[in-house]
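To start, the structure under review is shown below, and the notes come after it.
The values are calculated or read from the model by the stated rules, or taken from the named source; none is laboratory data. Note that this is a predicted model, so its numbers are computed, not measured. With ideal geometry, Cβ positions are generated from the backbone for all residues, glycine too; neighbour counts draw on all protein chains shown. Side chains included, ligands, DNA and RNA excluded: accessible areas come from the protein's heavy atoms. Shrake-Rupley method; radii C 1.70, N 1.55, O 1.52, S 1.80 Å.
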Amino acid sequence: MMAAAPTATRAATPRFLSRKISDIRIVPGIETLLSSRLGLLAGRRIGLVTNHTGVDRQGRRDVNLLRAANIDVGALFSPEHGIAGIAAAGEKVGHGTDLTTGLPVYSLYGSTREPTAEMLAGIDTLVFDMQDVGARFYTYPSTLMLILRAAAKAAIPVVVLDRPNPMGGELVEGPLLDPALTSFIGIFAMPVVHGMTMGELARMFVAEQKLPVDLTVIPMRGWYRGIGQLHPEHIPWIAPSPNIKWRWTPLVYPGTALFEGTNVSEGRGTKRPFEYIGAPFIHGGELSKYLNAMGIAGTKFHPKSFTPTESKYAGKLCGGVQLLTPDRASFRPFRTGVAMVKAVHDLYPKKFKFLAGTPSHFDRLAGVNWVREDIIAGKSMAEIEAKWHADEAAFRETRKPYLLY
């Protein structure tokens, strides 16, 4: 039977504000499990859903730690980018064998995205541990949802080992996903920036989808809302995918990733993916001046020329801008991303394009079709942004019972 989600109690003021940043140490769920909750897995045969980010603070892999603790790990399951986190975005990954342990590795980003009954044969418990980015269209939450659905069908308990939301877990931003646009980059009706950890998402998915899953979330220690992963002393940062290179990339990703749905490069194949955007038809000085004149809170734009080594315009010189966030307290990534798309559309109406598709990829990223339609119609940013504020407020209420920190 599905366990009722316990009500989380939260301090009115973030507890970390009374402490020095350098004194904060975040202990991930895997270490909490090993130190005090290992009895949950005693006598069980485990299916471990993870990738290269499933490690303790010393970089030791979950699978090795569990086996050293005499836990029977029967198989590994990997998300997009594979068990090593090196496959390109959208690249299908086949099943394989873990070189260190010899365990089978079942890919959940290849011929199937949900574990099959054959993959789960002999598995008593699924353990989930990987670092998320904090954006609805990053695919790891979708993998989590499908794991929970598979577990419900097979009557297998799920244990989620929690990790930080690198954006800090406070900001909620953007429109709720239109159910008609449900996809692997939008599997649950939440805004682009949801402000939840993977453990909290699991609690919400189980309760809101009424999944009959015996779910246990192993929380972190030392993490409070408002703490992102900007400070390396909090917890080591491991890039969760090839183009989320730096610990600050998740701050901008929920906005500039919208360019994936256009004919403008989002900076893949450069040193600063999602910080750089550009195309051969863009004049960097012109665009940066235009964007800076818009007065987008928390931002500054510098002209930038770059030649991507992969993805859009590989080997071609692009003009564009670099997005900087000098005031992170007022920075809003989704609003900024929409404003940037609108600016390129307005400056280069004959050359800028939203990529074709039914539905369009841009709409699937934004979660609604009206953002694209309003940009094309020439509506102001104030008009566009005002339409998603009610969705943000509604989701803040939806998520309240599931917050753990």
What distance in nm lies between label points placed 7 Å from Cα along the C-beta direction at S305 and S35?
5.3
Using Cα-Cα distances under 8 Å and only pairs 6 or more residues apart, what relative contact order does region 25-183 have, in percent?
24
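If you place +1 on the Cβ of every Lys and Arg and -1 on the Cβ of every Asp and Glu, how big does the dipole about the Cα centre of the chain come out, in debye to the nearest 20? Mind showing how you got there, number by number?
Working: 46 positive and 36 negative charges, 147 e Å.
So the dipole magnitude of the chain works out to roughly 700 debye.
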Helix 198-208 vs. the chain, principal-axis angle (Cα, 0 to 90°, nearest 10)
80
For region 22-76, max minus min Cα coordinate along each principal axis, in Å, sorted largest first?
39, 24, 16
Whether region 257-367 is rounded, prolate or oblate, judged on the alpha carbon gyration tensor where a/c under 1.5 counts as rounded
rounded
Once the Cα atoms of helix 389-399 and of the chain are each reduced to a long axis, what angle between those two axes, in degrees from 0 to 90 to the nearest 10, is obtained?
10
Region 328-388 - percent of accessible surface contributed by carbon and sulfur, probe 1.4 Å:
52
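Mind running the shape call on region 305-364? Use the C-alpha gyration tensor, a ≥ b ≥ c as the square roots of the eigenvalues: rounded below 1.5 for a/c, prolate if a/b tops b/c, oblate otherwise.
Numbers: a/c = 1.73, a/b = 1.17, b/c = 1.47.
It is oblate, given that a/c is not under 1.5 and a/b is not larger than b/c.
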quick shape note, region 261-308: Cα extents on principal axes in Å, largest first -> 28, 21, 20
Which lysines have a Cα lying under 22 Å from the Cα of K210, excluding residues fewer than 8 positions away in the same chain?
K153, K400
Any idea how far the Cα center of region 334-370 sits from the one of region 103-145, in Å?
30
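Once you list every other residue whose beta carbon is under 12 Å from the beta carbon of G82, what net charge do they have if Lys and Arg are +1 and Asp and Glu are -1?
Values: positive: K92; negative: E80, E91, D98.
Here the charged neighbours net out to -2.
With an 8 Å cut-off on Cα pairs and a minimum separation of 6 or more residues, tell me the relative contact order of region 294-356 in percent. Don't skip to the end; give the middle numbers.
Working: 63 pairs, mean separation 19.3, N = 63.
Worked out over region 294-356, it gives 31 percent.
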Measuring from the longest principal axis of the C-alpha atoms of the chain, the long axis of helix 140-154 (C-alpha) lies at a number of degrees, nearest 10, equal to 40
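Nothing charged except the Cβ atoms of Lys and Arg (+1) and of Asp and Glu (-1): what's the magnitude of the dipole of region 207-276 about its Cα centre? Round to the nearest 20 debye.
Working: 8 positive and 6 negative charges, 40 e Å.
For region 207-276, the charge dipole is close to 200 debye.
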How long are the semi-axes of the ellipsoid equivalent to region 44-104, from square roots of 5 times the Cα gyration tensor eigenvalues, in whole Å, largest first?
21, 14, 9
Using a 7 Å offset from the Cα along the Cα-to-Cβ direction at both R45 and L324, what is the distance between the two label points in nm, to one decimal?
5.7
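Quick check: net charge around T112, other residues with Cβ under 11 Å of its Cβ, Lys/Arg +1 and Asp/Glu -1? If you can, show how the numbers build up before the last one.
Working: positive: K92, R113; negative: E114, E118.
Computed value for this residue: 0.
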Place a label point 7 angstrom from the Cα of F281 along the Cα-to-Cβ direction, then list the residues of region 333-354 whose backbone nitrogen is under 18 Å away.
340-354
Which percent, nearest 5, of DSSP beta bridges in the chain are antiparallel?
50
Expressed as a fraction of 2.2 N^0.38 Å, the rule-of-thumb size for a compact globular protein of N residues, what is the C-alpha radius of gyration of region 201-249?
1.55
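Which net charge results when you count Lys and Arg as +1 and Asp and Glu as -1 among the other residues whose beta-carbon is under 12 Å from that of D56? Intermediate values should be presented prior to the final figure.
On the way: positive: R57, R60, R61, R163; negative: E31, D62, D129.
In short, +1.
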Equivalent ellipsoid, region 307-405 (semi-axes from 5 times Cα gyration tensor eigenvalues, Å)
28, 19, 15
Which one, L40, I218, A117, is farthest towards the positive end of the dipole of the chain when Lys and Arg carry +1 and Asp and Glu -1 on their Cβ?
I218
Note on region 87-155: contact order normalised by length, alpha-carbon pairs under 8 Å, 6 or more apart, percent, works out to 25
Quick shape check on region 121-208: root eigenvalues a ≥ b ≥ c of the Cα gyration tensor, a/c under 1.5 is rounded, otherwise prolate if a/b tops b/c, else oblate, and it reads oblate
A correct Karplus calculation of ³J(HN,Hα) over region 266-283, with 6.51 cos²θ - 1.76 cosθ + 1.60, θ = phi - 60°, whole Hz and x for Gly and Pro, returns 8, x, 4, x, 10, 6, 9, x, 6, 8, 9, 9, x, 6, x, 8, 9, 9
May I ask you to work out the translational diffusion coefficient for region 155-280 at 4 °C, viscosity 1.567 mPa s, via Stokes-Einstein with Rh from the Kirkwood sum over Cα pairs, reported in whole µm²/s?
79
Tell me the label-point distance for the pair R60, D124, using the 7 Å Cα-to-Cβ offset, in nm and rounded to one decimal.
2.3
